[in-house]
Amino acid sequence: MDKYVNYITILPEAILSLVAFVLMLVDAYTSGQKRRLYAWISLGGFIAAGAAIGWIAVLLATNATAVPASTYMGMLVSDPFRLAFSTIALVVSTLTALAAVAWLDEDSLPAGEFYSLLMFATVGMLLMASAGDLVMIFLGLEILSIATYVLAGYRRRDLRSNEAGLKYYILGSFATAFLLYGMALTYGATRSTNLEAIRVAITSGKVDWSWLLLVGGGMMLVGLCFKISAAPFHVWTPDVYEGAPSVVTGWMSTGPKAAAFAAFLKIYIAVFAVGAPIMGLAGATQKALTIIAITTMIVGNTIAMVQDNVKRMLAYSSIAHAGYALVGVIANDWRSVAFYMLCYGVMNVGAFAVVAAIGKRYDRETMVEDYRGLAWDSPVLSLTFAIFMFSLAGFPMTAGFMGKFLVFKGAWEKGLSMLVIFAVLNSAISVYYYFRPIMTMYFSASADGDRKRTVLGAAAVAALAISVAGVFYLGMLPDGVLKFFALSSK
Amino acid sequence: MLPITNFILLSAVIFSIGAVGVFFKRNIITILLCIELMLNAANLAFVAFASYFGDSTGQLFVFIVMTVAAAEAAVGLGLVIAIFRNRETLNVDEANILKL
């Protein structure tokens, strides 16, 4: 195996694309909607891709020659970073595939396209996790985004979903254009699109026009902040998250966001974190990102408090969580950000799966008042939702706590004490709005006595069970995952 | 040969026209064209740098961007058709069910 072509390093992406194509063919050649069959095929694809990731992990740990760190002329990089973010992408997409079964039935939407788009999007996320080159980051981002635009507008006859898809499309492409132009200028300044070469060029001060790097870096930062929905570039988030189908929203707020954080970290490590005094780029970026992180947390948490729609509330909460994760980026600590995104992925996909189940056909019942007295009609579902809310608020023993704890601890050790204190205060404020739906579920009388009990299918039950198990596993026994992310080897 | 700065200035001007257009145009098709303008401004910068450096990476990037832009336009027009069927207008100000 040479350093150019290596079929093992591309195996997870290859498997997923292949299964997605097979699924499209199966969808075309079977009569009627065989929703269960499509779900099983995509589950098989995700599990096979996960196995391939596991194989790469084993090879990386034992046999250094079989999996070179960099293949395809530096386009693909196989390192713990890739493994961590690929795992997040696969976990989030698998949970979404399970949660989607009941929703697609309920809304009688075509299932074949949904699962193949979900898998293509996951291929994009995997490529972003393994990118070693700006070309690959751009390509992965676009594979992901184009599939996500369609998924956001998946309810073709629902105006809200149409609007969500279109808004996401316009602002997403706008952000991509900024990112791309920034990449072009960075290429002009450093004469390379390879992240490692860019890092070396900046460290050794071999930059032709430093103002190009400054402008290019700034534009990449703007594009990335759009993608992770950091304030003041967050305005699209509430609209898109409210209008998109709940299951898709749960996935969009976790998977693509984790992939965007992967790209952010890669570019941050290559361009902004190096200490070379090129017009004070590193210092200026840190200051700018600190301000962005603080604004993001304030905007997310304060506006979430006044929302009456649970989906919109969770959208603002998602903005706030991006702010917490940004603290980890500023501390240049990718492992804690990866762990945070895994925790956030598990709990948020779970929370939105419950919102989808309660919302019924076309997400009609997503207001807080629709949750009145739900604990008496569907006790298990309410308890599950309460667990996710506790975890999002960051209560001890849950994944949300452990994720925040690791990010804030890492940042504290890097001397970002003010930022950490601010983030902890914000996290305390957030308890208020996470408790509102819980209070409504448990302490308000049901509006109409004849509300039907929410019935979940087996797949949705499996998704929720895995999410709840994940919340407690990551919250209480994070050692295994941390070891996999090579945190303990630090 | 013209100095490289001219090309970069031209691409910056095209990019700015596109970016301003996204904010101020109200028709969705025009907005899509403005985004296309921004992507192609980046392409221009890439080929200018690539020919200046005598390096092929920038040109390769342009081919990838062109392919991606075509795919993106296809999806964008699909979304536009979906929204037009349900609403019969292409003015973004009237796409306002979700409050901003």
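For the stretch A:158-181, the condition of being more than 7 Å from every other protein chain (Cβ to nearest Cβ), more than 13 Å from A:M220 (Cα to Cα) and of a type in the set (V, I, T) holds for none of the residues. Applying the criterion of at least 1 residues that are away from every other protein chain (no Cβ under 14 Å) and under 17 Å from A:R160 (Cβ atoms) to the helices (runs of 4 or more DSSP H) found wholly in the stretch A:234-335 leaves A:246-252, A:310-330. Is one or more of the residues making up the stretch A:131-146 within 14 Å of another protein chain (Cβ to nearest Cβ) and of a type in the set (S, T, Y)? Looking through the stretch A:131-146, at least one residue is within 14 Å of another protein chain (Cβ to nearest Cβ) and of a type in the set (S, T, Y). Residues in the stretch B:38-56 that are within 7 Å of chain A (Cβ to nearest Cβ) and either surrounded by 20 or more Cβ atoms within 10 Å (Cβ to Cβ) or among the aliphatic types (A, V, I, L, M) (or both): B:M38, B:L39, B:A41, B:A42, B:A45, B:F46, B:F49. The helices (runs of 4 or more DSSP H) found wholly in the stretch A:1-114 and carrying at least 2 residues that are free of Cβ contacts under 8 Å to residues at least 40 places away in the same chain occupy A:11-29, A:35-62. Looking only at residues of the stretch A:199-213 that are part of a helix (DSSP H, G or I) and over 19 Å from B:A48 (Cα atoms), we find that the one that is farthest from the other protein chains (Cβ to nearest Cβ) is A:T203. Each residue in the stretch A:50-76 was checked for being closer than 17 Å to A:A131 by Cβ and touching a helix residue (DSSP H, G or I) at 6+ places or on another chain (Cβ under 6 Å), and 4 of them qualify.
The residues listed here are A:W211, A:W236; of these, the one that is modelled with pLDDT under 90 and of a type outside the set (D, E) is A:W211.
Looking across A:K404, A:K409, A:K414, one residue alone is touching a residue at least 24 places away in the same chain (Cβ under 8 Å), touching an Asp or Glu at 6+ places or on another chain (Cβ under 8 Å) and of a type outside the set (F, W, Y). It is A:K414. On the stretch given as the stretch A:371-388, residues that are in a helix (DSSP H, G or I), within 21 Å of A:E106 (Cα to Cα) and modelled with pLDDT under 90 total 3. Of all the listed residues (A:V306, A:V349), the sole one being crowded, with 24+ Cβ neighbours inside 10 Å and not acidic (D, E) is A:V349. Residues of the stretch A:346-370 that are out of contact with any Leu (no Cβ under 8 Å at 6 or more places or on another chain) and assigned to a helix (DSSP H, G or I): A:A356, A:G359, A:R361, A:Y362, A:D363, A:V368, A:E369, A:D370.
Let's see how each residue does on (1) among the charged types (D, E, K, R); (2) surrounded by 24 or more Cβ atoms within 10 Å (Cβ to Cβ):
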{"site": "A:T94", "(1), (2)": "no, no"}
{"site": "A:A102", "(1), (2)": "no, no"}
{"site": "A:D107", "(1), (2)": "yes, no"}
{"site": "A:S130", "(1), (2)": "no, yes"}
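Scan the stretch B:61-82 and give yes if some residue there is surrounded by fewer than 17 Cβ atoms within 10 Å (Cβ to Cβ), at pLDDT below 90 and either more than 8 Å from every other protein chain (Cβ to nearest Cβ) or assigned to a helix (DSSP H, G or I) (or both), otherwise no. Checked the stretch B:61-82: at least one residue is surrounded by fewer than 17 Cβ atoms within 10 Å (Cβ to Cβ), at pLDDT below 90 and either more than 8 Å from every other protein chain (Cβ to nearest Cβ) or assigned to a helix (DSSP H, G or I) (or both).
Does A:I146 count as under 20 Å from A:F272 (Cα atoms), part of a helix (DSSP H, G or I), of a type in the set (A, V, I, L, M) and modelled with pLDDT of 95 or more? Taking the combined requirement at face value, the residue does not satisfy it.
The values are calculated or read from the model by the stated rules, or taken from the named source; none is laboratory data. Predicted model only: the values in this text are computed from it and were never measured. Cβ: placed from backbone, ideal geometry, glycine included. Neighbour counts: every protein chain shown.
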